[in-house]
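Presented below is the structure to which this report refers.
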Amino acid sequence: MRQLNLDQLRTLIAIADLGTFSAAAKALHLAQPTVSLHISELESRLDAQLVVRGNRRVTPTAAGAALVERGRKLLRDTDDAVEAVKRQAEGRTGRVRLGTSTGVVVDLLPQVLEALGARHAGIDVEVSILGSYEAMARLAAGTLDIGLVATPQPPLRELVVTPWRDQAMMAFVPQRWKAPKRVTPAWLAAQPLIFNDATTHMYRLSMEWFAAAGFAPRARIELNYDAAIRSLVAAGYGAALLPLQQTTDAALNERMQILPITPRLTRRLGIAHRQRALLDGATQSVLQVLTAFRQL
């Protein structure tokens with residue numbers, strides 16, 4: 001048996017509700033012969049009489065009533081499925097995999113997610129804490145949708161990286177240390193240091209800053225969590241070069257000096273993703289919100 005035709009099923013339900021072929025034709029914006037053809041084809045397909053034509057009213061047979069009852073649910077499910085696809089295509093619902101560093105998570109991402117929730121409550125953002133290199137690799141492999149990464153990045157096929165925000169790098173120094181008002185590579189290289197590990201973009205950026213002044217310091221410890229690094233600085237374990245970030249931990253801030261550095265150093269962040277033609281609606285919606293936080 002051939003599959004049911006949803007348009008013909010909709011016609012049968014309209015006849016059952018309205019009582020005549022002409023009323024159903026008017027409600028469905030169809031010619032009356034088309035309505036008659038729908039019913040005859042449906043009866044032929046099911047090999048069953050579905051309606052009884054009276055003088056004034058058309059009524060469903062027992063078989064027709066059974067089909068009308070189940071058909072209502074089928075059409076509701078169909079409409080729900082179409083709406084779900086529409087919401088997904090328009091970016092009103094879906095799941096987006098976002099990779100970012102701890103620094104962005106602490107400082108900016110809560111604001112981004114709050115704005116996204118207000119505009120697109122149906123989108124679920126799955127956040128992974130990743131370094132820039134790993135984020136780019138996952139984007140290329142298709143296991144990540146958006147990466148907030150340090151720039152510049154080596155070009156990768158089908159990936160786009162657009163500028164997003166700049167963060168001034170600062171010297172984070174224990175409060176009890178005697179430090180200059182502006183920290184130089186020479187002064188900082190002589191202190192116990194806390195770095196990100198050598199695989200990260202942050203490490204390379206810091207070492208280039210030291211190298212330009214003729215220094216190549218070694219870290220006392222390397223780790224990749226900005227919050228942990230700041231806690232170690234506050235505890236007096238060492239100094240660090242980190243992006244200037246907002247933090248609500250007043251007690252932690254009181255135990256650190258956050259000092260400008262000379263020469264200045266800037267960490268640049270970009271939004272990385274596949275080409276827009278390859279993105280679903282939910283990912284494009286998240287990109288729109290992220291772009292609204294772009295630093296002009």
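The values are calculated or read from the model by the stated rules, or taken from the named source; none is laboratory data. Remember, it's a predicted structure, so these values are computed and weren't measured experimentally. Neighbour counts run over all protein chains shown; Cβ positions are idealised from the backbone, glycine included. These area figures cover heavy atoms from the full protein model, side chains too; ligands, DNA and RNA do not enter into them. Shrake-Rupley method; radii C 1.70, N 1.55, O 1.52, S 1.80 Å.
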Worksheet item: So if we plug the beta-carbon distance of residue 113 and residue 55 into 1/(1 + (r/R0)^6) with R0 = 45 Å, what FRET efficiency do we get, rounded to 0.05?
Response: 0.10
Fill in: Difference of contour (0.36 nm per residue) and Cα-Cα distance, residue 211 to residue 295
27.4 nm
Discussion item. Given R₀ = 22 Å, what would the calculated FRET efficiency be for residue 133 paired with residue 244, taking r from the Cβ atoms and rounding to 0.05?
Written reply: 0.45
Worksheet item: Which residue, chosen from 170, 228, 205, occupies the Cα position most advanced towards the positive end of the dipole of the chain, where the dipole is computed from +1 (Lys, Arg) and -1 (Asp, Glu) charges on Cβ about the Cα centre?
Response: 170
Worksheet entry | Label-point separation, residue 189 to residue 176 (7 Å along Cα→Cβ), nm | 2.8
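What percent does the relative contact order of the stretch 167-266 come to when contacts are Cα pairs within less than 8 Å and at least six residues apart?
It comes to 53 percent, rounded to a whole number.
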Item to complete: Please work out the FRET efficiency for the pair residue 288 and residue 237, using the Cβ-Cβ distance as r and a Förster radius of 41 Å; give the result to the nearest 0.05.
Response: 0.50
Practice prompt. Could you check which residue among 32, 275, 111 shows the biggest mean-square fluctuation in a GNM of the chain with a 10 Å Cα cutoff?
Written response: 32
Worksheet entry | Reachable lysines, given that their alpha-carbon falls under 26 Å from the alpha-carbon of residue 73 and they are not under 8 places away in the same chain | 26, 86
Worksheet item: Quick one: length gained pulling residue 166 to residue 278 fully straight, 0.36 nm per residue minus the C-alpha distance?
Response: 37.6 nm
Response to the item:
For residue 195 the rounded accessible area (nearest 10 Å², probe 1.4 Å, non-protein molecules ignored) is 10
Fill in: Local electrostatic count at residue 51 - Lys and Arg +1, Asp and Glu -1, tallied over other residues with Cβ under 11 Å
+1
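Using helices alone, I'd like the mean residue ellipticity at 222 nm for the chain: each DSSP H run of four-plus residues gives -39500 (n - 2.57), total over residue count, nearest 500.
Mean residue ellipticity, 222 nm, calculated: -14000 deg cm²/dmol.
What does the net charge come to around residue 241 if you take all other residues with beta carbon closer than 13 Å to its beta carbon, with K and R at +1 and D and E at -1?
On the way: positive: 204, 230, 264, 267; negative: 208, 222, 226.
So the environment of residue 241 carries a net charge of +1.
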Fill in: Estimated distance in nm for a label pair at residue 5 and residue 221, the labels positioned 7 Å out from Cα along Cα-to-Cβ
7.4
Worksheet item: For residue 269, what is the net charge nearby, where nearby means another residue's Cβ is under 12 Å from its Cβ and Lys, Arg count +1, Asp, Glu -1?
Response: +2
Fill in: Among 186, 63, 198: highest mean-square fluctuation, GNM of the chain, C-alpha pairs under 10 Å
63
Practice prompt. Can you find, among 146, 258, 238, the residue farthest towards the positive end of the dipole of the chain? Put +1 on the C-beta of Lys and Arg, -1 on that of Asp and Glu.
Written response: 258
